[in-house]
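All remarks here apply to the structure that follows.
Bear in mind that the values in this text are calculations on the coordinates, not laboratory data. All values derive from a computational prediction rather than experimental measurement. Counting neighbours? That spans all protein chains shown, and the Cβs are built from the backbone with ideal geometry, glycine included.
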Amino acid sequence: MNSTYKYEEALNRLEYIADQLEKGDLTLEEALTFFEEGIKLVKICSNMLDQAEGKIQVLIKDLDGELLVKDYKGGSEIVE
């Protein structure tokens, strides 16, 4: 599998795989192949999101009205 997917491409492929599995008309071998590819795509998407989250910065106004740039920490940024 090509791990150089763009996020949207990987997500679209994952949605296609989910649709195929939900139809229920695949052979066991086809279903397992799709399932394995889907698991790999979930990991790829998760890694991409983790990397993107690491790059996000948040603009925060301190008590004096000054704007500060802080690294994103999942919403737990605190004005010091």
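Summary table below
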| item | result |
| --- | --- |
| Proxy reagent accessibility, fewest Cβ within 10 Å first, across VAL42, VAL69 | VAL69, VAL42 |
| Proxy reagent accessibility, fewest Cβ within 10 Å first, across THR33, THR4 | THR4, THR33 |
| Ranked list, fewest to most other Cβ atoms within 10 Å of each Cβ, for LEU28, LEU49 | LEU28, LEU49 |
| Correct choice for log10 I(q)/I(0) by the Debye sum over Cα atoms at q = 0.12 Å⁻¹ that was computed from the model, options (1) -0.53; (2) -0.69; (3) -0.33 | (1) |
